[in-house]
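Asker: For reference, the structure I am asking about is given below.
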Amino acid sequence: MAKQSGLGDYFACDNSAGSLKDISNDVTNLGVNVGQNLLDITGLDKSAMERLIALGDGSFTLTGVFNASANQSHDVFKTRTGTRTVDYKVGGNVASNPYLTMECLVDSYNLSRGADGSLTWTVGLQLQSGTTPTWATV
């Protein structure tokens, strides 16, 4: 796959009832972190760090426009309990596009009203399942 922009991306998340909802139109900014913990195992006989790969991790940070319509962002995040399947597809839900899915917990759902009258939200989603997030293709 060649270089590409983030235009046309697809983002879906389960609501609290476990039903996957496409909220791509409400999301304005998205951050993905697929981290890898490293263990420091440096011995006294070394003059540089030694490390081993440890637990993997993953999270999403989202910003969006408030939308209280059924099955849209507020409906998805207003109840923070329960495990959520999260699907992110770079370039859209089209064959051969990069695809990341994780089982997550909602750690926050915050609203912000700007001086200009805008109403936006931020959401944090953290890996829950113990399964290392892995990129695949649609």
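Asker: Taking Cα pairs under 8 Å and at least six residues apart, what relative contact order does the chain come out at, in percent? Spell out each step's value before the answer.
Answerer: Numbers: 312 pairs, mean separation 36.4, N = 138.
Relative contact order here is 26 percent.
Asker: How compact and how long is the chain, expressed as Rg and Dmax of its alpha-carbon atoms in Å?
Answerer: 17.8, 62
Asker: Given charges of +1 on the Cβ of Lys and Arg and -1 on the Cβ of Asp and Glu, with all other atoms neutral, how large is the dipole of the chain about its Cα centre, in debye to the nearest 20?
Answerer: Numbers: 9 positive and 13 negative charges, 31 e Å.
Result for the chain is approximately 140 debye, rounded to the nearest 20.
Asker: Suppose the chain between Leu7 and Ala68 were pulled fully straight at 0.36 nm per residue; how much longer would it get relative to their current alpha carbon spacing?
Answerer: Working: separation 61, 0.36 × 61 = 21.96 nm, distance 2.40 nm.
Roughly 19.6 nm would be gained on extension.
Asker: Calculate the FRET efficiency for Asp40 and Trp135 from the Cβ-Cβ distance with a Förster distance of 25 Å, rounded to the nearest 0.05.
Answerer: Rounded to the nearest 0.05, the efficiency is 0.40.
Asker: Label points 7 Å out from Cα along the Cβ direction at Ala17 and Thr83: separation in nm?
Answerer: Modelled inter-label distance: 2.0 nm.
Asker: Which distance in Å, rounded to a whole number, links the C-alpha centroids of the stretch 95-118 and the stretch 44-88?
Answerer: 9 Å
Asker: Moving on. Which lysines have a Cα lying under 18 Å from the Cα of Lys89, excluding residues fewer than 8 positions away in the same chain?
Answerer: Lys3, Lys21
Asker: Another question about this same structure. Binning at 10 Å from 0, report for the stretch 4-76 what percent of all alpha-carbon pair distances ends up in each bin.
Answerer: 16, 32, 21, 15, 11, 5, 0
Asker: Further question: Return the equivalent ellipsoid semi-axes of the stretch 60-130 as a descending list in whole Å, where each equals the square root of 5 times an eigenvalue of the C-alpha gyration tensor. Intermediate values should be presented prior to the final figure.
Answerer: Working: eigenvalues 109, 54, 24 Å².
The answer is 23, 16, 11 Å, longest axis first.
Asker: Moving on. May I ask you to order 89-95, 10-16 by the average number of other C-beta atoms within 10 Å around their residues, highest value first? Let's see the in-between values first.
Answerer: Details: 89-95: 14.9, 10-16: 19.4.
So the order, starting with the most tightly packed, is 10-16, 89-95.
Throughout, read-outs are computed from the coordinates displayed, never taken from laboratory work. Because the structure is a prediction, the values reported are computed rather than measured. We place every Cβ from the backbone using ideal geometry, glycine too, and count neighbours over all the protein chains shown.
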